[in-house]
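Right, one structure below, let's go through it.
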Amino acid sequence: MEQILTLKLNIKDTFNMELPADPELGNARRQVRHACFSYVVPKKPSNPSLIHYSPEMVEAIGLGQSFESQGFLEIFSGTKVLPNTNPYAMCYGGHQFGHWAGQLGDGRAINLAEVEHKGKNWMLQLKGAGETPYSRTADGLAVLRSSIREYLCSEAMFHLGIPTTRALSLVLTGDRVLRDVMYDGNPAYEKGAIVCRVAPSFIRFGNFEILAAQKDVKTLKTLVDFTIRHHYSHLGTPSKGVYLRLFKEIAIRSMTMVIHWQRVGFVHGVMNTDNMSILGLTIDYGPYGWLEGYDHGWTPNTTDSTNKRYRYGAQPQIVLWNLLQLANALYPLIGEASHLQDILKEYQEEVEMAYLNMMKSKLGLTEIDLGDKILVEELEKVLQRSETDMTIFFRQLAKIKRNGGSDGLKLVEEAFYMPDEIKGELKTQWQVWFSKYMDRLQKEKKNDADRSKHMNLVNPKYVLRNYMAQLAIDAADEGDYSVLNELFDLLKRPYEEQPEQHKWYAKRPEWARHKVGCSRLSCSS
């Protein structure tokens, strides 16, 4: 069965063939120097079973119908290793919550191989397949709860049009894994699981940072040149000028990614530099969340509940801070700071304009008007005066008629968690804003139908709210995967009406307001 699977996978390993390896073998914890990765062996699960797979990704990597084979399960559960491949864990460092954390690395991720299919390259990575040299005090395993969240969200993000890693398969290991969900001294055993993640590359800012911190300029140059050769070859032959252009393009891609996050109300939760992709992909789905009440100060991560460093409204600026750390890591190859500083300054200017343009698109505004920035700012202020569901508000707003034939406040009423609060001064503020918005719509050339259509292409009707993921988790824990299947299919078409799925177009239910997994999540999530 292995040989059949191998014939269907066009293996084209580069990372572990062209970059320096840790000379020490085995999965034992250690500090690694002068190397970009360590060879490892996945832990064999006791009784693996496939509970879901993405037909789209099965096809993308060239597997055809192989998901039905025992070989598929063996490979993507870590039971067996593909012939002529050498699995490995990457070495990287990172700044965590603003502080340098030293060596981190793939603590529970094992890269199986790289494959090429139809002109695209994909790296296959198992998350939760056991210990690596970078696991520190952890076991390198994952549980069904966090695996479902990653599996569903990575695919949901893709169909929302957001740059992201993808998910191929979700496997139960048959083993029990001990986890203290909220880090409150109450550990419990949960079902073990493994997600196969897929991306052109999993290289992070931290891969460069660790080498710069170790003053290993030789290996740093080797890794940066590799990155250019395989992922930014259009920039040209590596040189100081090309290194600067690389940094500029990473900045642009990162900005594009975070503006998309803001557009749909996605909050990553842990924007450490080791969770920042050099391809501008959303990577590492842990304690993420979706804005329900529109609140720039909200973060789903309980670890960050005091300082709220990674709150929704701060995400574009955190990307800038992370880019500064990347600039510091690349500096040894460039030797001068001024051009790097210029790129960071350009990011600051461009991200503000990109944010405004994104918000204008959500409001259906395409013409240039100097008052748009103030209109957006006034909306954001009044949105936060009362708990207002972001997704429902903007989706309902598309129904407004600029001829004054509709009551704007009435149209968005179902977005308010407590409609009775919209009275007095607050109601007046809303009415004033809608009056200004209606005046602004008169300057638009599109008719109501066209404007509504375009608004519905940027304002999704369905997003993966935390309570929805938790319902899938609770059912799956009982062996019922129907909710998982339903959400997987629902989130493939997030901008479509899908009237048969209208039950998911709803505010967070009250039972989920303070429920673990719905409102409170940890880095174990």
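One table, with the values for the structure above:
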{"quantity": "Unit charges at the beta carbon, dipole of region 73-187: most positive-side option, LEU104, THR85, TYR134", "calculated": "THR85"}
{"quantity": "Distance in nm between pseudo-label sites at THR306 and THR256 (7 Å out along the Cβ direction from Cα)", "calculated": "3.9"}
{"quantity": "Solution diffusion estimate, µm²/s, Stokes-Einstein, region 16-64, Kirkwood Rh from C-alpha pairs, 4 °C, viscosity 1.567 mPa s", "calculated": "90"}
{"quantity": "Cα centre as origin, Lys/Arg/Asp/Glu Cβ charges: region 225-285 dipole, Debye", "calculated": "260"}
{"quantity": "Solvent-accessible surface (1.4 angstrom probe) belonging to ASP22, in square angstrom, nearest 10", "calculated": "10"}
{"quantity": "Gain on full stretching of the segment that runs from THR366 to LYS118 - 0.36 nm per residue minus C-alpha separation", "calculated": "85.6 nm"}
{"quantity": "Interchain or long-range residues, amide H under 5 Å from PHE37's placed H", "calculated": "ASP22, CYS91"}
{"quantity": "Charge dipole (region 406-525, unit charges on Cβ, about Cα centre) - positive-most of ALA476, SER435, TYR505", "calculated": "SER435"}
{"quantity": "Charge tally in the Cβ shell below 9 Å around ALA167, where Lys, Arg are +1 and Asp, Glu are -1, ALA167 excluded", "calculated": "0"}
{"quantity": "Region 94-152: trypsin sites (Lys or Arg not before Pro) falling in loop per DSSP and having at most 15 other Cβ within 10 Å", "calculated": "LYS118, ARG136"}
{"quantity": "Prolate/oblate/rounded call for region 136-221, Cα gyration tensor, a/c under 1.5 rounded", "calculated": "oblate"}
{"quantity": "Size-normalised alpha-carbon gyration radius of region 298-398, reference 2.2 N^0.38 Å", "calculated": "1.38"}
{"quantity": "Entry for mean projected area of the Cα convex hull in nm² (calculated from the structure that is shown) out of (1) 24.8; (2) 27.0; (3) 30.1", "calculated": "(1)"}
{"quantity": "Rg and Dmax [Cα atoms of region 84-150; Å; Rg one decimal, Dmax integer]", "calculated": "14.0, 42"}
{"quantity": "Share of Cα-Cα pairs in region 384-472 lying beyond 15 Å, as whole percent", "calculated": "65"}
{"quantity": "Region 167-310, dipole about Cα centre (Lys/Arg Cβ +1, Asp/Glu Cβ -1), debye to the nearest 20", "calculated": "680"}
{"quantity": "Rounded if a/c under 1.5, otherwise prolate or oblate - region 162-204, Cα gyration tensor axes", "calculated": "oblate"}
{"quantity": "Gap separating the Cα centres of region 84-114 and region 43-57, nearest whole Å", "calculated": "22"}
{"quantity": "Built amide H within the under 5 Å cut-off of ALA129, gap 5+", "calculated": "ILE110"}
{"quantity": "Over 28 Å (Cα to Cα) - which of LYS345/LYS446; LYS8/LYS218; LYS43/LYS215; LYS44/LYS120; LYS401/LYS461; LYS44/LYS218 fall in this group", "calculated": "LYS345/LYS446; LYS8/LYS218; LYS43/LYS215; LYS44/LYS120; LYS44/LYS218"}
{"quantity": "Nitroxide proxy distance, nm - points 7 Å out along Cα→Cβ at ASP477 and HIS34", "calculated": "4.9"}
{"quantity": "Cα-based helix-to-principal-axis angle, 315-334 vs the chain, degrees rounded to 10", "calculated": "40"}
{"quantity": "Within straight-line cross-link reach of LYS515, lysines at Cα separation under 19 Å, skipping those fewer than 8 residues along the same chain", "calculated": "LYS507"}
{"quantity": "Accessible-area composition of the chain, carbon plus sulfur, in percent [1.4 Å probe]", "calculated": "53"}
{"quantity": "Assigned charges on the beta-carbon of Lys, Arg, Asp, Glu; the chain dipole about Cα centre (debye)", "calculated": "520"}
{"quantity": "Neighbour count of at most 13 Cβ within 10 Å plus DSSP loop: longest GluC sites (Glu not before Pro)-free window in the chain", "calculated": "25-335"}
{"quantity": "Residues of the chain: accessible area per residue with a 1.4 Å probe, Å²", "calculated": "40"}
{"quantity": "Built amide H within the under 5 Å cut-off of ASN121, gap 5+", "calculated": "none"}
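The values are calculated or read from the model by the stated rules, or taken from the named source; none is laboratory data. On a predicted model such as this, the values are computed, not experimentally measured, just so you know. Positions of Cβ are backbone-derived with ideal geometry, glycine not excepted, and every protein chain shown enters the neighbour counts. When the accessible area is computed, the model is the full protein with side chains, heavy atoms only, and any ligands, DNA or RNA have been set aside. Shrake-Rupley method; radii C 1.70, N 1.55, O 1.52, S 1.80 Å.
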